[in-house]
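Engineer: Just dropping this structure here.
The values are calculated or read from the model by the stated rules, or taken from the named source; none is laboratory data. These numbers were taken from a predicted model, which means no experiment stands behind them. Neighbour counts run over all protein chains shown; Cβ positions are idealised from the backbone, glycine included. Remember, those area values only see protein heavy atoms, side chains included, never the ligands or the DNA or RNA. Shrake-Rupley method; radii C 1.70, N 1.55, O 1.52, S 1.80 Å.
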Amino acid sequence: MTFLMWNHPMTEIPTSLIAFQRLFPDDNACARWLIAARWPNGFRCPACGHDRGWELKTRKHSFECIRCHRQTSATAGTLLHRTKLSLATWFWAACLMATHCNGISALQLQKQLGIGYCRSAWMLAAKLRRAMVNPERSPLSGPAAPRISAASLCATPPRPRPSRPTAGGAAARCLGTATGPMSSATGRPP
């Protein structure tokens, strides 16, 4: 066991995937960031409030209070609590979800991060989406709503969809143009 004293605030925000990879190359770097974010002024026991603790060598990213001997993990009480996925996978998933302007699906996360099961990727994405939502947000309304576009939210606006032909085929039959006008009473061709 080693004595724990930490004072490591995050000073730089990654601006690219390469910078993110340099800042969080492995689980230990992710854990150091979590510890600094959770206890910016050093470890503090959640049970008794004592400010000294020991880092446990038998459990990853866990600490024991010197006074009450309560063991606490850096992920306890967070959405990462009792996860079987690595911290680096969680951090990469959060980065990918935050940087994709149209969002990212669980299937894409599974493929990008090499997660074995689709259900694990789905749960990961669902927990991150829930955590990213601000509960005090208000729906878009008023004069600002029409000015928001894909160009203002993303670096490149989405490509326009190619126009589809409407004459002939199933779409035209549904609209009544291929077989004649539809009856207004039944909604079917006469």
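Engineer: Being without any contact (Cβ under 8 Å) to a residue 60 or more places away in the chain, touching a Phe, Trp or Tyr at 6+ places or on another chain (Cβ under 8 Å) and in a helix (DSSP H, G or I) narrows it down to one residue among L80, L124; which is it?
Structural biologist: L124
Engineer: Can you report the number of residues in segment 65-92 which are open to solvent by 30 Å² or more (accessible area, probe 1.4 Å) and touching a Gly at 6+ places or on another chain (Cβ under 8 Å)?
Structural biologist: Total satisfying the criteria: 1.
Engineer: Considering only segment 54-64, how many residues are touching a residue at least 40 places away in the same chain (Cβ under 8 Å) and surrounded by fewer than 16 Cβ atoms within 10 Å (Cβ to Cβ)?
Structural biologist: Looking only at that region, the number is 1.
Engineer: Before we move on, is R119 more than 19 Å from the chain's Cα centre (by Cα), open to solvent by 40 Å² or more (accessible area, probe 1.4 Å) and of a type in the set (D, E, K, R)?
Structural biologist: no
Engineer: What about M123, is it touching a Gly at 6+ places or on another chain (Cβ under 8 Å), within 25 Å of P25 (Cα to Cα) and not acidic (D, E)?
Structural biologist: Taking the combined requirement at face value, the residue does not satisfy it.
Engineer: Let me ask another. If I ask for residues that are closer than 13 Å to L128 by Cβ and part of a loop (DSSP other than H, G, I, E, B), which ones from segment 100-114 would you list?
Structural biologist: Hits for segment 100-114 are H100, G103, I104, S105.
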